[in-house]
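This report concerns only the one structure given below.
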C-alpha cells in the first residue's frame, strides 16, 4: 500500500514539466508599417463603426529580410490602460503566452506593396482602449516581424471601442414576471396554510 | 366535537424507531415521508449550489461585458460566501421556529428572482452585490441537515446527512459544465454573446423555484406531519434557547471543527470559484473545456463525501473517536499536500489528474468532519452544526480574500500552493480535541465509558 502511494506520487512529480516557449517579442524586428484611420482618443461603436487599415513593409527594409514573410495578420490589441488589473489581458514577452492581441482583424498573404482593408468593428468587441499591430509569419506559422500604429510605449494613436450592452427589454420583462410569480406563490402558500389551520381549529 | 386533525401515521413503508424516525436508508423509495424528505432536501440544496456557482464558468464572457477587473471578480467571489456566513448562522434558529420545510422553501423562492436578475446588471458594483445576495441560498445546507436529523434516527443519520450533502454539492460541479453549454446553445441561435449569457440564467432560477414549490407541496417536516415548536421529544426539559446557544458557543470543539471545516469545505468552495478561470487563463482551453474540467471537481462529491462519512463510521466502530479524528486529520493533510502540488504542476494533463485526486480527498474530509460533529453535543447540535457550517464559508472568504482577490502580486498557481500550505497548518488543531469519555488523538479517555460509543442516544 505504502509503495503504491510512493509510486503514484513519483509519477505525479514526473508530470511536472516546463512548457516549450514560443517566439520572443523582443526578438522581432519592427519592419512593418501599420496605420489606422482613427484620431487619438476617438470612440467607436461596436457593430456600427469601421476602421480603414493600411499595412506594408517599411521601404528601408525591402529585399533584406522579407523573403521569409508569407502571411500577415493584423490584430486588435489592448492598450496598457485596459490591461491594468486584468491578468487575462497581460503582455508577455513569450508570444505563446502573450494575451495583448486577442482579436484578428484581417489575415492576408504577404505582398511587397501596401495593402488596405476596411474593418467593421464586431458586435462582440468589448469596451476597452486599443491599438493595432500586424505580425508577419513565415511558412511554418511562426512570427518573424511586426509593426504597430502606436509608439513603442503604446501611448499614442489609441482609440476606444464602446461595446454593446446585452440588456434586452424582453429579458427585463421576463425577470420582473418571474420575481412576481415567486413572491405570489410564496404568499399564496402561506394564505392556503393559514386558512387550513383556521378551518381545523374552528371546527 | 372531535377535531378532524391529521391522524399520526402509524404505518410506514420503512422501518422506524419509537420517535417514528427511520432506522434504515432506502435510497430508491419515495413512499415514506422520510425518503421523500431526503430526495426533496438534497435536490433543493442541489439547486441552490447550482445557482450560486452558475456565474464562475461564464466569467470570461461576463468580465468583458461588464468591464470587470480582477479586483472586482475577487470581491464578488468573496461576497458570494460572505452572505452565506450570516444566513447559515441564522438558519438554525429559523428552522427551530418554523420548521425546515418552510425555512428552506422560503429562502429558495426569495433568492430565485435574484438569480434571474443577473440578466439586469451592467456595472461591477451590481455584479458584486448580486453574488452577495445569491450566496444567501447556501444556508439551505443547515435546513437540509436539520431536516435529515428530524427524519432519520441516530444509526443512519450520518449516512443520510453525508449522502444529502454530497449529492447536493454535485450541483456546484455540474453547473460549471452545463452553463457554458447552455450559453453556447443560446449563442448558436444567433443571439449576440453579450445577451446570450444573460438568458442562460433562466435555467438555474427556474430550477430553484420549481424545487422550492415541490418542497412545499410534497414535503413534511416530521414523520408525523407538520412542525411543532415543542418537537424535542425525549429531551428532559424545554431548554432555554439562549442556554442552548451559550452551551454551543462555549464548546471549544465546535470552534476547532469550524476552523478545520473552513479549510476543507471552504477550500472546496474557493476552488469552485476559481478553477474554471484558472484552466481557461493558464492553459488556453476554451470555455466549454474549462467548464468540463471544473465540473469534474464538483461532481466527485457524489461519491467522495459519502465515502468520507462511511470511513468515519468504520473508523469509529474499530477505533472509537480516536479513529474518527485520526482519519479526518490524515485525509485532510493529504488533501493539503495535493493542493500544494496542484499549484506546482505545469502541464494540463498533470493538473487535471492532481485536481481530481485533490477533489476526492478534500470532499472526503468534509464528510469526515460531519462524522465528528454529532458527537460534540446533543443538546446544542443545531448550534454546533451552524458553527461548523459557517466556519466552512468563513474559510472560503479568508482564502479567497488573501490569495485570489485580484490585488495580489503572485500568480493564481502560487495562490493555490499557499492555500494547500494553509490547509496543512490549520488541520493541526484537531490534535487538541479531547473528549473525556472517548479520548483524543493522543490521549486516552479519562472517564471509563459505560456505554457503547456508537450509541447516539447516550450523548451528553
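The values are calculated or read from the model by the stated rules, or taken from the named source; none is laboratory data. Since the model is a prediction, treat every value here as computed from it, not as a measurement. Cβ sites come from the backbone with ideal geometry, for glycine too, and all protein chains shown count toward neighbours.
Consider the stretch A:7-42 and keep the residues that are within 14 Å of another protein chain (Cβ to nearest Cβ) and modelled with pLDDT of 60 or more. The one that is surrounded by the most Cβ atoms within 10 Å (Cβ to Cβ) is A:22. If you go through the stretch B:19-47 and keep only what is more than 14 Å from chain A (Cβ to nearest Cβ) and within 30 Å of residue B:285 (Cα to Cα), you end up with just B:46. If you go through the stretch B:37-68 and pick out every residue that is under 13 Å from residue B:291 (Cβ atoms), more than 18 Å from the chain's Cα centre (by Cα) and not in a helix (DSSP H, G or I), you end up with 0. Of everything listed in (1) touching a residue at least 24 places away in the same chain (Cβ under 8 Å); (2) buried (at least 16 other Cβ atoms within 10 Å of the Cβ), the single unmet condition for residue A:175 is (1). Among the residues of the stretch A:71-114, those identified as farther than 29 Å from residue B:279 by Cα and either at pLDDT 90 or above or surrounded by 17 or more Cβ atoms within 10 Å (Cβ to Cβ) (or both) are A:71, A:72, A:108, A:109, A:110.
Residue-wise test of (1) part of a helix (DSSP H, G or I); (2) over 20 Å from residue B:275 (Cβ atoms); (3) modelled with pLDDT of 90 or more.
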{"position": "B:418", "(1), (2), (3)": "yes, no, yes"}
{"position": "B:426", "(1), (2), (3)": "yes, yes, yes"}
{"position": "B:444", "(1), (2), (3)": "no, yes, no"}
{"position": "B:448", "(1), (2), (3)": "no, yes, no"}
{"position": "B:451", "(1), (2), (3)": "no, yes, no"}
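Matching residues to (1) crowded, with 21+ Cβ neighbours inside 10 Å; (2) within 14 Å of another protein chain (Cβ to nearest Cβ); (3) at negative phi; (4) touching a strand residue (DSSP E or B) at 6+ places or on another chain (Cβ under 7 Å):
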{"residue": "B:310", "(1), (2), (3), (4)": "no, no, yes, no"}
{"residue": "B:318", "(1), (2), (3), (4)": "no, no, yes, no"}
{"residue": "B:334", "(1), (2), (3), (4)": "no, yes, yes, no"}
{"residue": "B:352", "(1), (2), (3), (4)": "no, yes, yes, no"}
{"residue": "B:368", "(1), (2), (3), (4)": "yes, no, yes, no"}
{"residue": "B:374", "(1), (2), (3), (4)": "no, no, yes, no"}
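Scanning the stretch B:69-99 for residues that are part of a helix (DSSP H, G or I) and facing chain A (nearest Cβ under 9 Å) yields a total of 3.
Output yes when any residue across the stretch B:341-349 is away from every other protein chain (no Cβ under 14 Å) and closer than 22 Å to residue B:428 by Cβ, and no when none is. Looking through the stretch B:341-349, none of the residues is away from every other protein chain (no Cβ under 14 Å) and closer than 22 Å to residue B:428 by Cβ. Once the stretch B:122-145 is narrowed to residues that are more than 17 Å from the chain's Cα centre (by Cα), surrounded by 20 or more Cβ atoms within 10 Å (Cβ to Cβ) and within 14 Å of chain A (Cβ to nearest Cβ), the residue that is nearest to residue B:44 (Cα to Cα) is B:130.
Residues in the stretch B:184-207 that are at pLDDT below 90 and more than 10 Å from chain A (Cβ to nearest Cβ): B:190 alone. Contact map, the stretch B:300-316: first residue closer than 16 Å to residue B:169 by Cβ, second residue at pLDDT 85 or above and surrounded by fewer than 19 Cβ atoms within 10 Å (Cβ to Cβ), Cβ cut-off under 9 Å, separation 6 or more or different chains; pairs are B:300/B:356.
Report yes if residue A:129 is within 14 Å of another protein chain (Cβ to nearest Cβ), touching a strand residue (DSSP E or B) at 6+ places or on another chain (Cβ under 8 Å) and assigned to a strand (DSSP E or B), otherwise no. It is true that residue A:129 is within 14 Å of another protein chain (Cβ to nearest Cβ), touching a strand residue (DSSP E or B) at 6+ places or on another chain (Cβ under 8 Å) and assigned to a strand (DSSP E or B). One residue is enough: does the stretch B:280-292 have a residue meeting the conditions buried (at least 24 other Cβ atoms within 10 Å of the Cβ), in a helix (DSSP H, G or I) and more than 20 Å from the chain's Cα centre (by Cα)? Scanning the stretch B:280-292 turns up at least one residue that is buried (at least 24 other Cβ atoms within 10 Å of the Cβ), in a helix (DSSP H, G or I) and more than 20 Å from the chain's Cα centre (by Cα). Is it fair to say residue B:140 is out of contact with any strand residue (DSSP E or B) (no Cβ under 7 Å at 6 or more places or on another chain), closer than 30 Å to residue A:194 by Cα and in a helix (DSSP H, G or I)? Considered against the rule, which asks whether it is out of contact with any strand residue (DSSP E or B) (no Cβ under 7 Å at 6 or more places or on another chain), closer than 30 Å to residue A:194 by Cα and in a helix (DSSP H, G or I), residue B:140 comes out as yes.
A quick yes/no check of all residues on (1) within 14 Å of chain B (Cβ to nearest Cβ); (2) surrounded by fewer than 17 Cβ atoms within 10 Å (Cβ to Cβ); (3) in a helix (DSSP H, G or I):
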{"site": "A:125", "(1), (2), (3)": "yes, no, no"}
{"site": "A:135", "(1), (2), (3)": "no, no, no"}
{"site": "A:141", "(1), (2), (3)": "no, yes, no"}
{"site": "A:153", "(1), (2), (3)": "no, yes, no"}
{"site": "A:156", "(1), (2), (3)": "no, yes, no"}
{"site": "A:165", "(1), (2), (3)": "yes, yes, no"}
